Amino acid sequence: MSRRSILLALIVFCLLGGVMVTSTPVMVWDGGFRQIEYQIKFVAADGSPIQGVQLRVENDRKTNFFHYPVTDYVDGRAPTSGEDGVLVFHHINSGPEFGGHCWQLFGIRLGTCEGPKFTCRYLLDGNEIYRSKFNDMNARPTDQRVNRSWSYAEWLPARRDGESIMDMFSRESDRRDKDRIGQKDMGESAALGTLARLVETAGSIERGSVPATSDLEFSTYEETVLVK
């Protein structure tokens, strides 16, 4: 095959590829995690409850994530199993949390087609005894629903001496690239957006324009973990 024929074939291929790409429908999507109360019970081999199991939340790069997607997982206040062995934590949903553009070409999905993924690790005396995928649990709630009185301001990051809410938010924003890769990924952006809404609500509470607590309804997720 001559050089000219090869060049023409490449041009035709590029043109056809360009037509296919530009004619492929692009899905613009947004999403978020369901508002769920998670109830994880830890029991020993003899059936007795295990107290003191602590939650740790990580993204797929094993980076610790406070405040999101577990709203009541904050620095210095990790959800912990009580005398009954039950560890309880929550996700509060206040609207779209993440999104992207997704399209399919030759059967291959391109763009941003999935939300961020998180893992819940459960530690006893600093040692991991169990782990679960937050995304999977969030997709499998039970039919049971519960109502809770919720204080948004209670779950803000701790403020330093003399800091206003906005000072704290600015500091948290500067540290949002938790993975230190030079940019915020989808999970970090979702966490920052959620924190921004929390800060806005907390500011309204401080001004007295909204009540300090709200009655929220949660779906539930229940699991019993046998620790051998």
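Taken together, the values in this text are just the output of simple stated rules run on the coordinates, not laboratory data. In this text the structure is predicted, and so the values were computed from the model without any measurement. Glycine gets a Cβ as well: all are built from the backbone with ideal geometry, and neighbour counts include every protein chain shown.
If you project the alpha carbons of segment 41-125 onto their three principal axes, what span does each projection cover, largest first, in Å?
Here the Cα extents, ordered largest to smallest, are 54, 28, 21 Å.
In which sequence would LYS184, LYS228 go, from the one with the fewest C-beta neighbours within 10 Å to the one with the most?
In increasing order of surrounding Cβ atoms, one gets LYS228, LYS184.
What is the set of long-range amide H partners of ASP72 at a cut-off below 5 Å, with H atoms built 1.01 Å from backbone N?
HN-HN under 5 Å from ASP72: HIS90.
From the backbone phi of segment 84-91, what are the Karplus-calculated ³J(HN,Hα) couplings (6.51 cos²θ - 1.76 cosθ + 1.60, θ = phi - 60°) in whole Hz, Gly and Pro given as x?
7, x, 8, 9, 10, 8, 9, 10
Taking every pair of alpha-carbon atoms in segment 112-154, give the share separated by more than 14 Å as a whole percent.
Of all Cα-Cα distances in segment 112-154, 69 percent exceed 14 Å.
With the Cα gyration tensor of segment 26-227 in hand, give its eigenvalues times 5 under a square root as the equivalent ellipsoid semi-axes, listed largest first in whole angstrom.
One finds semi-axes of 27, 24, 18 Å for segment 26-227.
How long, wide and thick is segment 67-112, going by the Cα atoms along their three principal axes, in whole angstroms, largest first?
Extents along the principal axes: 55, 21, 18 Å.
Show which aspartates and glutamates lie in cross-link reach of LYS228 when reach means a straight Cα distance below 19 angstrom and same-chain residues fewer than eight apart are skipped.
Output for LYS228: ASP46, GLU83, ASP84, ASP125, GLU128.
Can you sort HIS91, HIS67, HIS101 so the residue with the fewest Cβ neighbours within 10 Å comes first?
Listing HIS91, HIS67, HIS101 from fewest to most nearby Cβ atoms yields HIS101, HIS67, HIS91.
I need two numbers for segment 107-228: Rg to one decimal and Dmax as a whole number, Cα atoms only, in Å.
According to the Cα coordinates of segment 107-228, Rg and Dmax are 18.2, 56 Å.
Give me a comma-separated list of calculated 3J(HN,Hα) values for segment 211-225, in order, Karplus coefficients 6.51, -1.76, 1.60 applied at θ = phi - 60°, integers in Hz, x for any Gly or Pro.
So the Karplus estimates, Gly and Pro as x, are x, 5, 10, 9, 8, 10, 9, 10, 6, 10, 10, 10, 8, 10, 10 Hz.
Could you tell me the distance between the Cα centroids of segment 70-89 and segment 27-69, to the nearest Å?
Cα centroid of segment 70-89 versus Cα centroid of segment 27-69: 9 Å apart.
Under 21 Å between alpha carbons, and skipping anything fewer than 8 positions from LYS117 in its own chain: which lysines qualify?
LYS62, LYS133, LYS178, LYS184
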